[in-house]
Amino acid sequence: MKTLDVITIGRASVDLYGAQVGGRLEDMGSFQKYIGGSPCNMAAGTARLGLRSALITRVGNEHMGRFIREELSREGVDVRGVKTDPDRLTALVLLGIRDEHQFPLIFYRENCADMALCEDDIDEGFIAEARAVVATGTHLSHPRTEAAVMKALNLARKHGLQTALDIDYRPNLWGLAGHGDGESRFIESAAVTAKLQSTLHLFDLIVGTEEEFHIAGGTTDTLAALRAVRAVSKATLVCKRGPMGASAFTGAIPDTLDEGESGPGFPIEVFNVLGAGDGFMSGLLKGWLDGEPWPVALKYANACGAFAVSRHGCTPAYPSWEELQFFLNRGVVTKALRKDAALEQIHWSTNRHKDWATMRVFAFDHRMQLEAMEGATPEKIGAFKKLCLRAALQVSAGQPGYGILCDSRLGRDALYAAAGTGLWIGHPVEWPGSRPLTLEPEIGPDFGGLSEWPLEHVVKVLVFYHPDDTPEMKAQQEDTLRRLFHACRRNRLEMLLEIIPSKVFPVNDSTSAQVITRIYDLGIYPDWWKLEPFATDAAYRAACDAITTRDPHVRGIVVLGLDASEADLASSLAIASRHDLVKGFAIGRTIFGEAARGWLAGKLTDDQAVQDMATKYTRLCGIWDAARAAKGEKA
C-alpha cells in the first residue's frame, strides 16, 4: 500500500505579494505573505484536492523556512522531504498585479536554500512510498539540483511510480534574463533545450504552455515543438493554451492543437495569472492520479487554473475538493470569482487551517469585571492575566484542544506571550457591556486596527441582541457586525460571534436560533458561535439547525459560563455535550474569579493563584471530556 499519492520536487519560496492592485511594484506599500514556488504550490494545491502530497526541497534555518514548513503542514502536505539548510536563506519572491497583462516579479534566489538540494536529500524509501513524482524544469538548471532530480526520477522508475514534468520555464532562473526581468516567460536557448530534451524520456506526463514547449522542442512553431518532444518521449503531452483551455496528446501530434483531447474552459475575468499554471497542474494531477479520462482531468485543471487567475496570491487561491465540485456543478455566476459570495464562503470555510474538534477555552478577556475588584489597576490586571496564561499552559501541557480568550487593552503581555504556544487564541473587540455594540478604540473607526493582528488570532465579538429589539437598535448593531465581518475576511482573520439575548429581554427555546438566522440573513458567516448555556435539548437543536442549514462548514459552538457554579456548569455542559456542533466551552469567572479577588487584594501569591485556576480549569476540562465520552458511549 502506498502512503503517498504524489511527491513534488524543487523550488520552495516565500511569496511577498503586493497588496495594492493596479500600480507599479515600486509603489507597493504593503505585502501579503504566502508560500510559493511551483513544486511547493502544487504540493499544497493537490493536498487541498484530497491527494496525499509531499514535497522535497530545502529551506533556510530561519523564520521564513519555518513558515514554509509550518504552512505546508497546515495544508496537509507531508514535509519529511523538506530539508533545513544550515547555511543558506530561504528564497523570496516579490510579486505585483499591475493590470491584466503585467505581473512584475523579482526573484531573490542568489545561492538560496532550495538550489542546494542534492542527491543525499533524496531518500529511496521515501520515493517508494508514493504513486507519482513531479519535477519542474528549474531544478534541471544546475548540476547539483539536476543530480537530485535525476536520482529521484530513476528511483521512481525503479519502484514503478508515474512521473510528470512541469516545464516551468523561467529564463531568469536559467541565467538568461536579468533580476528585473522576472516576468519574462520565453527566451530561446539551445542549451536549455538540450538539457530538457536529455530528460524528457523519463516522464509519463509533460505539461507546459506553448512557450514552454517551444523551449523544450527547440522551435517557436508549437506543433513542430510538440513533435520534437514526441520524438524523444512517449509521455502524454498537455499544452496549456490560456483562455482556450488545454489540449492533451497521448500519441502522434495531429495537424492542429484543437485535435487534441480537451476539457471545458471557464469564462472568467483575468485578475492575476501568477500561479495559475500551478493551480492547473494541481487539478490535472488530481484527475490523472484518480484515473479519470483526459477530458475530466483537463476540466479539473482548467477550473483550478480559473480560480487562481481570479484571486490574489498563488496557493491561497487554489480550491478545496468540495469547492471545486460546487463550482463544476453550479457553473460561473460572476466572471470575477473572488466576488462570488457563495463561492468565496465555501473557499474560506473549506480551506481553514487546523481542526478544532474539541475546545476547552479559558476565557480571561474580562475587563470591567476585573476593574471592579478591590486592588485592581490596569498594571495589576495585566500581570494577573499573565498568571491566567500560565495556568492555561500548565493544564494544556502542549496538547491540542485548549485555548484562551484574552484582550489586548489590559492583557496585552499575556496575549503576546501566547503566540506560537499551540493554544487557540480568541481576541475580543467589543467595548465591554456596550449596547448598541461599540468596539475597543484600538480597532479604529475603519476597523483598520485588525491589520496589526497575528493571523492566528480569532476576532471575538459579543453583542447583546434580541429579536424584539427596536428597529433602530437592530440597525446600529447589525451595521457594526456586518462591517466587522468584512474587515475580518479582508485581514484573513476568523471570527467568533457571541450572542447573549437573555440580558436584553426574556428568552425561550427559539430565541437564539432567531438571532442566528438573522445574522446569516445579513450575509455574516461567523467561523465560531459562542452561545449561552441552554436548559433544554430543544434550544440546542434549534440553534444547531439554524447554523448548519446556512453554514454546513462552520467551525462549531462553544458554550459560555456566565459565572455559574461548577455544579451548574456540569449540568449545562452535560446537555450541551449531546450535540455534535458544540465543540466545548469558553468559561472564565468560574475559573479565575476567586483567584483574581485574592491575588488583587494581596492575599494570594502568584503560584497560589496559578494553582487555584489550574485546578478549577482541569476540573472543568474533565467535566466536559466525561460528558462527551458519555455521549459517545450512548451513541
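Filter the stretch 13-40 for residues that are of a type outside the set (S, T, Y) and assigned to a loop (DSSP other than H, G, I, E, B); which is most open to solvent (accessible area, probe 1.4 Å)? Walk me through how you get there before you give the answer.
At the first step, the residues of the stretch 13-40 found to be of a type outside the set (S, T, Y) are 14-16, 18-29, 31-33, 35-37, 39-40.
Pick out the ones that are also assigned to a loop (DSSP other than H, G, I, E, B) and you get 22-24, 28-29, 37.
Details: G22: 51, G23: 24, R24: 103, M28: 24, G29: 69, G37: 7 Å².
Only one residue fits best here, namely R24.
Among the residues that make up the stretch 469-476, is at least one of them touching a helix residue (DSSP H, G or I) at 6+ places or on another chain (Cβ under 8 Å), assigned to a strand (DSSP E or B) and either among the polar types (S, T, N, Q) or at pLDDT 95 or above (or both)?
There is no residue in the stretch 469-476 that is touching a helix residue (DSSP H, G or I) at 6+ places or on another chain (Cβ under 8 Å), assigned to a strand (DSSP E or B) and either among the polar types (S, T, N, Q) or at pLDDT 95 or above (or both).
Within the stretch 1-28, track down each residue that is in contact with a Cys (Cβ under 7 Å, 6 or more places away or on another chain) and either among the hydrophobic types (A, V, I, L, M, F, W, C) or at positive phi (or both).
Correct list: A12 only.
Only one of (1) within 17 Å of Y34 (Cα to Cα); (2) in contact (Cβ under 8 Å) with a residue 40 or more places away in the chain fails for R69. Which number is that?
(2)
Which residue out of D258, D290 is at pLDDT below 95 and more than 22 Å from T145 (Cα to Cα)?
Values: D290 fails: at pLDDT below 95.
Result of the check over D258, D290: D258.
Please pick out the residue among G10, G45, G50 that is in contact (Cβ under 8 Å) with a residue 40 or more places away in the chain, small (G, A, S) and open to solvent by 50 Å² or more (accessible area, probe 1.4 Å).
On the way: G10 fails: open to solvent by 50 Å² or more (accessible area, probe 1.4 Å); G45 fails: open to solvent by 50 Å² or more (accessible area, probe 1.4 Å).
After ruling out the rest, the residue left standing is G50.
Within the stretch 334-341, does at least one residue satisfy the condition of being crowded, with 22+ Cβ neighbours inside 10 Å, farther than 19 Å from E494 by Cβ and in contact with a helix residue (DSSP H, G or I) (Cβ under 7 Å, 6 or more places away or on another chain)?
Going through the stretch 334-341, the residues crowded, with 22+ Cβ neighbours inside 10 Å turn out to be 337.
In the following step, the residues that additionally are farther than 19 Å from E494 by Cβ were identified as 337.
From what's left, in contact with a helix residue (DSSP H, G or I) (Cβ under 7 Å, 6 or more places away or on another chain): 337.
Yes, the stretch 334-341 has at least one match.
Residue by residue through the stretch 347-365, note down the ones that are over 17 Å from W424 (Cα atoms) and surrounded by 23 or more Cβ atoms within 10 Å (Cβ to Cβ).
Within the stretch 347-365, H347 is the sole residue that qualifies.
Checking the structure you have, find out if any residue of the stretch 188-206 is among the acidic types (D, E) and modelled with pLDDT under 90. If you could, list the steps in order and put the result at the bottom.
Here is the first cut: in the stretch 188-206, the ones among the acidic types (D, E) are 188, 204.
Going one step further and asking which of them are modelled with pLDDT under 90, we end up with 188.
The answer is yes, given that some residue of the stretch 188-206 is among the acidic types (D, E) and modelled with pLDDT under 90.
If V238 satisfies every condition in (1) of a type in the set (V, I, T); (2) more than 30 Å from G160 (Cα to Cα); (3) within 37 Å of the chain's Cα centre (by Cα) but one, which is the exception?
Result: V238 passes all but (2).
When the stretch 251-308 is examined, which residues are found to be in contact (Cβ under 8 Å) with a residue 60 or more places away in the chain, over 23 Å from T222 (Cβ atoms) and among the charged types (D, E, K, R)?
Across the stretch 251-308, the qualifying residues are E269, K286.
Of everything in the stretch 189-217 that's not polar (S, T, N, Q) and not in a helix (DSSP H, G or I), which residue is farthest from R170 (Cα to Cα)?
D204
Looking only at the stretch 190-204, filter to residues that are hydrophobic (A, V, I, L, M, F, W, C) and surrounded by fewer than 21 Cβ atoms within 10 Å (Cβ to Cβ); which one of those is nearest to W288 (Cα to Cα)?
Quick first cut of the stretch 190-204, residues hydrophobic (A, V, I, L, M, F, W, C) only: 190-192, 194, 196, 200, 202-203.
Of the ones still in play, those that are also surrounded by fewer than 21 Cβ atoms within 10 Å (Cβ to Cβ) are 190-191, 194, 202.
Values: A190: 31, A191: 31, A194: 28, L202: 17 Å.
Selected residue: L202.
Please determine whether any residue of the stretch 341-351 is among the acidic types (D, E) and either more than 14 Å from the chain's Cα centre (by Cα) or part of a loop (DSSP other than H, G, I, E, B) (or both).
So far as the stretch 341-351 goes, no, none of its residues is among the acidic types (D, E) and either more than 14 Å from the chain's Cα centre (by Cα) or part of a loop (DSSP other than H, G, I, E, B) (or both).
Just checking: which of the helices (runs of 4 or more DSSP H) contained wholly in the stretch 526-635 hold 1 or more residues that are farther than 30 Å from R390 by Cα and open to solvent by less than 10 Å² (accessible area, probe 1.4 Å)? Explain how you work it out, then say what you get.
Numbers: elements: 537-548, 566-576, 589-600, 606-634.
Result: 537-548.
Does P400 satisfy the criteria of being in contact with a helix residue (DSSP H, G or I) (Cβ under 6 Å, 6 or more places away or on another chain) and open to solvent by 10 Å² or more (accessible area, probe 1.4 Å)? Full working, then the answer.
Working: in contact with a helix residue (DSSP H, G or I) (Cβ under 6 Å, 6 or more places away or on another chain): no; open to solvent by 10 Å² or more (accessible area, probe 1.4 Å): yes.
The answer is no for P400.
With respect to A43, determine if the residue is in contact with a Leu (Cβ under 6 Å, 6 or more places away or on another chain), outside any loop (DSSP other than H, G, I, E, B) and closer than 27 Å to F327 by Cβ. Quick ask: steps written out before the conclusion?
On the way: in contact with a Leu (Cβ under 6 Å, 6 or more places away or on another chain): yes; outside any loop (DSSP other than H, G, I, E, B): yes; closer than 27 Å to F327 by Cβ: yes.
Against the criterion (in contact with a Leu (Cβ under 6 Å, 6 or more places away or on another chain), outside any loop (DSSP other than H, G, I, E, B) and closer than 27 Å to F327 by Cβ), A43 qualifies.
How many residues are of a type in the set (V, I, T) and under 9 Å from E119 (Cα atoms) when one looks only at the stretch 147-166? Full working, then the answer.
In the first step, residues of the stretch 147-166 are kept if they are of a type in the set (V, I, T); the result is 149, 163.
Next, from what is left, pick out any that are under 9 Å from E119 (Cα atoms): 149.
Matching residues across the stretch 147-166 total 1.
May I ask you to list the residues in the stretch 51-76 that are of a type in the set (D, E) and either in contact with a Lys or Arg (Cβ under 9 Å, 6 or more places away or on another chain) or assigned to a helix (DSSP H, G or I) (or both)?
E70, E71, E75
What are the residue pairs meeting all of these: first residue in the stretch 160-176, first residue over 19 Å from V238 (Cβ atoms), second residue open to solvent by less than 10 Å² (accessible area, probe 1.4 Å), Cβ atoms under 6 Å, and 6 or more apart or on different chains?
N172/G182; L173/T138; W174/V192
Okay, residues lined up against (1) in a strand (DSSP E or B); (2) among the β-branched types (V, I, T); (3) touching a residue at least 24 places away in the same chain (Cβ under 8 Å); (4) touching a Gly at 6+ places or on another chain (Cβ under 7 Å):
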residue	(1), (2), (3), (4)
E379	no, no, no, no
T421	no, yes, yes, no
L450	no, no, yes, no
L462	yes, no, yes, no
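So which residues in the stretch 409-419 are open to solvent by less than 20 Å² (accessible area, probe 1.4 Å) and assigned to a loop (DSSP other than H, G, I, E, B)? Lay out the reasoning, then the answer.
Restricting attention to the stretch 409-419, the residues satisfying the condition of being open to solvent by less than 20 Å² (accessible area, probe 1.4 Å) are 410-411, 414-415, 418.
L410, G411, A418, listed by residue number.
The values are calculated or read from the model by the stated rules, or taken from the named source; none is laboratory data. Fair warning: this is a prediction, and the values are worked out from it, not measured in the lab. We place every Cβ from the backbone using ideal geometry, glycine too, and count neighbours over all the protein chains shown. With ligands, DNA and RNA removed, areas are computed over all heavy atoms of the protein, side chains included. Shrake-Rupley method; radii C 1.70, N 1.55, O 1.52, S 1.80 Å.
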